[in-house]
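Notes for the one structure printed next.
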Amino acid sequence: MADLKISNLYKRYGPVEVLKDINLDIRSGEFIVFVGPSGCGKSTLLRTISGLESISSGSLEIDGRVVNDVAPSKRGIAMVFQSYALYPHMTVFDNMAYSLKLLNTPKDEIRKKVEAAAEKLQLTQYLDRLPKALSGGQRQRVAIGRAIVRDPRVFLFDEPLSNLDAALRVQMRIEIAELHESLPNTTMIYVTHDQVEAMTMADRIVVLKDGEVQQVGTPIELYERPNSLFVAGFIGSPKMNFLTGQFAEKYKAHTVGVRPEHIELANGDAVWHGKVIHTEALGSDTFIYADIGSGEPIVVRQRGNAPITPGSEIGFSPEGDHFHRFDQNGRPMAN
Ligand SMILES: Nc1ncnc2c1ncn2[C@@H]1O[C@H](COP(=O)(O)OP(=O)(O)OP(=O)(O)O)[C@@H](O)[C@H]1O
Ligand SMILES: [Mg+2]
């Protein structure tokens, strides 16, 4: 069990407020993902939860108990960092056993815990190896194993996969999701820049900007019902197209937003007309960049290999009611 309650939390470095009035209720067993632009305070929030940073004001409760002044090692929290820094001269077993040794855990109990974690993470055959003889993904699993052996109530991950190549990231993403399923009472908080990780791993995503929470919701809630222009532009890749001026007037809005995957190509009766300026063929999808006279090119996503060449004149329309209207304050308006 580990419910987390963050109330009116502020973090200041001198006069600089890095976290402002953070309020979050995280339920035991939830997988929460923090996203937001670089410098918005994701790592700082994670570090205040772990106790590596103090809280300037407000409170952090774990299972109803205020832990602001509880030492990091006594919070039942384990953190996995981007740079997993294993001890190079220790075997995988010793790396994983290290924190338990420091706690004077009996030897046979250490062995049991390390072996159980190794099995969960498919590291059993590597226990006698040194980190330098492991792949990046295996090293990252050892870093997670170091955390697991401590039976944490809360797992904190700060961009744990960003040093791995694309294929390994996908594999580790699935492994962390499976780890979460196998530890149903362990709360996990995960920071990432990766849209796919956020959308696929999170029970709920917390979007931060300038040290403030912008929106909290399930991935689909944020994707379908962003509460601001900022969240609309931040969730989804490629990002939502925003049109203003006469383009938005047609929709009686200050700004109209349409996701690239919600624009269809049309001929005569299209809503917008323009010239293709660039295409990117990814195999599975084609991204079409077109100038419709709105200032910035719009991005259109077509499935498969769309036979569109730069220079062609094409019409574009939003699919059905898949468009988002925003007022002059960047707040959503009902369609
Ligand atoms: N010790 C410190 N003293 C002063 N300012 C700090 C300190 N640590 C962090 N900051 C500032 O706090 C802000 C938030 O930093 P933080 O590392 O939490 O951002 P982040 O969201 O994790 O960014 P990134 O995505 O780049 O990792 C930044 O503007 C940073 O410069
Ligand atoms: Mg960070």
Place a +1 charge on the Cβ of each Lys and Arg in region 184-288 and a -1 charge on the Cβ of each Asp and Glu, then give the dipole magnitude about the Cα centre in debye, rounded to the nearest 20. 300 debye
Looking at L9, V170, V67, which one has the Cα that reaches farthest to the positive end of the dipole of region 4-232 (charges on Cβ: Lys, Arg +1; Asp, Glu -1)? V67
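K239 to A270: extension gain in nm, 0.36 nm per residue of separation minus the Cα-Cα distance? Mind dumping the intermediate values first?
On the way: separation 31, 0.36 × 31 = 11.16 nm, distance 2.17 nm.
Extending this stretch completely gives an extra 9.0 nm.
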Non-local amide H neighbours of S162 (under 5 Å, H modeled in plane, Pro and chain starts lacking H): which ones? none
Of the listed pairs K20/K42; K74/K209; K5/K42, those with alpha carbons more than 19 Å apart are K74/K209
Under the helix-only model (-39500 (n - 2.57) for each DSSP H run of 4 or more, divided by the residues of the chain), the mean residue ellipticity at 222 nm, to 500 deg cm²/dmol, is -7500 deg cm²/dmol
Let's see if you can work this out: charge +1 on each Lys and Arg Cβ, -1 on each Asp and Glu Cβ, no other charges. What is the dipole magnitude of the chain about its Cα centre, in debye to the nearest 20? 1060 debye
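Suppose we flag trypsin sites (Lys or Arg not before Pro) only when DSSP calls them loop and at most 14 other Cβ atoms lie within 10 Å. Which is the longest uninterrupted stretch of the chain? Intermediate results must be reported in sequence, preceding the final value.
Details: sites that count: R27, K250, K252.
Formally, the longest exposed-site-free interval is 28-249.
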Collect residues whose amide H, placed 1.01 Å from N in the peptide plane, falls under 5 Å from the amide H of F157; neighbours closer than 5 in sequence don't count. V80, I189, Y190, V191
Largest first, please: the extent of the C-alpha atoms of region 90-188 along each principal axis, to the nearest Å. 39, 33, 20
Using the Karplus equation 6.51 cos²θ - 1.76 cosθ + 1.60 (θ = phi - 60°), what ³J(HN,Hα) coupling, rounded to whole Hz, does each residue of region 152-166 give in order, writing x for Gly and Pro? x, 7, 9, 9, 10, 10, 10, 6, x, 9, 6, 8, 9, 6, 4
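Hey, what's the Kirkwood Rh for the chain if you take every pair of different alpha carbons, in angstrom?
On the way: mean 1/r = 0.0448 Å⁻¹.
Over the chain, the inverse of the mean reciprocal pair distance is 22.3 Å.
From the Cα gyration tensor of region 240-333, with a ≥ b ≥ c the square roots of its eigenvalues, which class applies: rounded if a/c is under 1.5, or else prolate if a/b is larger than b/c, or else oblate? Before the final figure, lay out each step's value.
Working: a/c = 2.05, a/b = 1.74, b/c = 1.18.
Note, shape of region 240-333 comes out prolate.
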Just to check I understand the Karplus step: with θ = phi - 60° and J = 6.51 cos²θ - 1.76 cosθ + 1.60, what whole-Hz values come out for region 170-186, glycine and proline as x? 5, 4, 5, 4, 5, 5, 5, 4, 5, 4, 4, 5, 7, 10, x, 9, 8
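Are there GluC sites (Glu not before Pro) in region 263-319 that DSSP puts in a loop and that have at most 15 other Cβ atoms within 10 Å, and which ones?
Numbers: sites: E264, E280, E313, E319; in loops: E319.
Counting only loop positions with at most 15 other Cβ atoms within 10 Å, the GluC sites (Glu not before Pro) in region 263-319 are E319.
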Within a Gaussian network of the chain (alpha carbon springs, distance under 10 Å), most fluctuating of G36, G14, G245: G14
The chain: angle of helix 107-120 to the longest principal axis, Cα-based, in degrees nearest 10: 20 degrees
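No lab work stands behind these numbers, since they all come straight from the coordinates. Please read all numbers here as calculations on a predicted model, not as lab measurements. Here Cβ is always computed from backbone atoms with ideal geometry, including for glycine, and neighbour counts include all displayed protein chains.
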